[in-house]
1. Report whether or not B:Ala311 is under 23 Å from B:Phe156 (Cα atoms), crowded, with 22+ Cβ neighbours inside 10 Å and not assigned by TED's automatic domain parsing to the domain that holds B:Leu149.
2. Looking at segment B:251-270, can you tell me whether even one residue there is hydroxyl-bearing (Ser, Thr, Tyr) and modelled with pLDDT of 95 or more?
3. Only residues that are within 14 Å of another protein chain (Cβ to nearest Cβ) and either among the charged types (D, E, K, R) or surrounded by fewer than 24 Cβ atoms within 10 Å (Cβ to Cβ) (or both): list them for segment B:185-202, please.
4. Tell me yes or no: at least one residue of segment B:170-184 is crowded, with 23+ Cβ neighbours inside 10 Å and under 24 Å from A:Gly158 (Cβ atoms).
5. If you check A:Val42, A:Val34, which single one turns out to be farther than 26 Å from B:Ala286 by Cβ, in the same structural domain as A:Ala308 (by TED's automatic domain parsing), in contact (Cβ under 8 Å) with a residue 24 or more places away in the chain and surrounded by fewer than 20 Cβ atoms within 10 Å (Cβ to Cβ)?
6. Working only within segment A:79-116, note down all residues that are of a type outside the set (Val, Ile, Thr) and farther than 24 Å from A:Glu43 by Cβ.
7. Would segment B:225-236 turn up any residue that is modelled with pLDDT of 95 or more, crowded, with 24+ Cβ neighbours inside 10 Å and farther than 28 Å from B:Cys291 by Cα?
8. How many residues are surrounded by fewer than 24 Cβ atoms within 10 Å (Cβ to Cβ) and either assigned by TED's automatic domain parsing to the domain that holds A:Ala117 or of a type in the set (Ser, Thr, Tyr) (or both) when one looks only at segment A:237-267?
Number of protein chains: 2
Amino acid sequence: MYNVIVESSAADFIGLDLGGTFLKAARVAADGTVGRKLRQPVESDSADGLLSQLARAVHLLEEDGPAPAVGLGIPGIVEPVTGVAHGVPNLPSLEGVPLAAELASRCGRPSFAANDANAAALAEAWLGAGQGFGNMLYVSLGTGVGAGLVLDGRLFTGHAGYAGEIGHIQVAPDGVPCGCGSWGCVETIAGAPGWVRRAEEAMLGRVSALSGQRLEPEVIVQAAHGGDAAALEVVDGAARALGAGIAATLNLLNVERVVMGGGVSAAGAILLDRVIAETRLRTFPAVFAGCSFRSSALGADAGVVGAARVAMLARA
Amino acid sequence: MYNVIVESSAADFIGLDLGGTFLKAARVAADGTVGRKLRQPVESDSADGLLSQLARAVHLLEEDGPAPAVGLGIPGIVEPVTGVAHGVPNLPSLEGVPLAAELASRCGRPSFAANDANAAALAEAWLGAGQGFGNMLYVSLGTGVGAGLVLDGRLFTGHAGYAGEIGHIQVAPDGVPCGCGSWGCVETIAGAPGWVRRAEEAMLGRVSALSGQRLEPEVIVQAAHGGDAAALEVVDGAARALGAGIAATLNLLNVERVVMGGGVSAAGAILLDRVIAETRLRTFPAVFAGCSFRSSALGADAGVVGAARVAMLARA
């Protein structure tokens, strides 16, 4: 049926990780080995243009042999049954688009879509820092704060695909408004814009190593590592918000493993250590004792590996 | 095999609902019909005495015919695999006791144990206000605040049985210490002692219908219904804490149905309406829109029906 060129590649699935700025894509073997990879700027604002780019990426990766199926991760919600996308602020043209069906018709392969944090959670549970844990929380720290949940060994997406909105748990009842319509959400403090806002506040009337720097979380964590008081204050605030959100999750779900992923989580142990300490303060003691914390093991590959895994599981 | 006296009772399971003060027990048919019931004061402080009382209750209910299995709900944590009890503040002698095995050896029937809120959640999902919803949160409002989760159609207990500790989600970062070691937990405000404390505060220097009354949640809700300002303040505070905890759960789990049970929830619509309003303020809009709220349909029977259901599912 397939024109097999390399024996091992006949079973390679294709994983697509579509972000607001870049598309990453890779061939992923049944054992998780990552083969040929692509990384290209997102070329279009329109749904049609985006889907064409995705199909071209599949086509390119199929030069090494056809793939049995394609998985796609997006920075938004995917309805579990219909595969329709919702709430994709960075790629608004995808709102309401039945992504899996559209992609399948364009690339000629069975296609499956998922939220990007959910895909990354699956990848970490399969081969990364969540391996061997039936109940796992994956937290994605980037511009926003997202999460994926593996419960009783399976990805849990909730009724309509919205599960894992840890970034919108309210942790500061006296906090600032959030884009979601609520206020004091984890994301208002621990999302990238929250770091900037709080760094600006912390620097007021103070000498700080942050002066004149780009106020990105990574830069702030670095300054905190160097002992800068303003930066430490900002890191502490982010850790407190994340710790409160993770503690709420642990109290509710009694997961055994928390994996911290996303760009910001790579910034350094100073953040993770504080997140763990703040989580501990707010978690039922037996629940905290039964849980361990790790940084993502798959790093930037979690997205494509997870997307491919979505397709593998759907075809199993 | 069984000495069948009444045809329909041959398949009756026995459900035991052990509280801190009362033991409730009932025969429950395979279709959920509740047969003969018992309610008796808890007679012993010792694990041995409690287990003997449970076995006697089973024996009494088996006068109508033998039961294929027995389910037990307790106000504490039950380890999923071992059936060992933990964290049973009102019946501390049960700490570390392998309840299911001990009960089975005393009553001669296969026996299964579960947390009481989990059992009630199963009952409501099976026959009550959660019927037909694959993803459901059951909140038990009583002396404490507990919860049970049905996710993807199955009871979710977490790694070690602690899932559903909604009462220990921190909702008031400036709040009072909680028995769990944290502070500002939902339960410090919406648990019965929290109602008393806040009513005493609200009555200070104020004329209130609560003066001279027993400060139980039901009494306070009644006074709020009559327009008493102090009582309304207390109800609002409880609703805010519960709403924040439920909102955190909805954002994380995208459940379709919330069922409010336990003695306090029966106090009146004035509380439930406010809980819903406070939840809405803090929940991702699409998630709130996809969720509906109901009061428990099984009321005081939820415990025994759920305990019997635990046994049925374990034997299925």
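The values are calculated or read from the model by the stated rules, or taken from the named source; none is laboratory data. Keep in mind it's a predicted model, so treat the numbers as computed, not measured. Here the Cβ is made from the backbone with ideal geometry for all residues, glycine too, and neighbour counts use every protein chain on show.
1. In short, yes.
2. As a first pass, look at segment B:251-270 and keep what is hydroxyl-bearing (Ser, Thr, Tyr): B:265.
Checking which are modelled with pLDDT of 95 or more leaves us with none.
There is no residue in segment B:251-270 that is hydroxyl-bearing (Ser, Thr, Tyr) and modelled with pLDDT of 95 or more.
3. B:Glu187, the sole residue that qualifies.
4. Yes, segment B:170-184 has at least one match.
5. Working: A:Val42 fails: farther than 26 Å from B:Ala286 by Cβ.
A:Val34 is the lone residue from the list that is farther than 26 Å from B:Ala286 by Cβ, in the same structural domain as A:Ala308 (by TED's automatic domain parsing), in contact (Cβ under 8 Å) with a residue 24 or more places away in the chain and surrounded by fewer than 20 Cβ atoms within 10 Å (Cβ to Cβ).
6. Here is the first cut: in segment A:79-116, the residues of a type outside the set (Val, Ile, Thr) are A:79-80, A:83, A:85-87, A:89-96, A:98-116.
If the condition is that a residue be of a type outside the set (Val, Ile, Thr) and farther than 24 Å from A:Glu43 by Cβ, then A:Glu79, A:Pro80, A:Pro110 are the ones that fit.
7. Looking through segment B:225-236, at least one residue is modelled with pLDDT of 95 or more, crowded, with 24+ Cβ neighbours inside 10 Å and farther than 28 Å from B:Cys291 by Cα.
8. Counting residues in segment A:237-267 that are surrounded by fewer than 24 Cβ atoms within 10 Å (Cβ to Cβ) and either assigned by TED's automatic domain parsing to the domain that holds A:Ala117 or of a type in the set (Ser, Thr, Tyr) (or both) gives 1.
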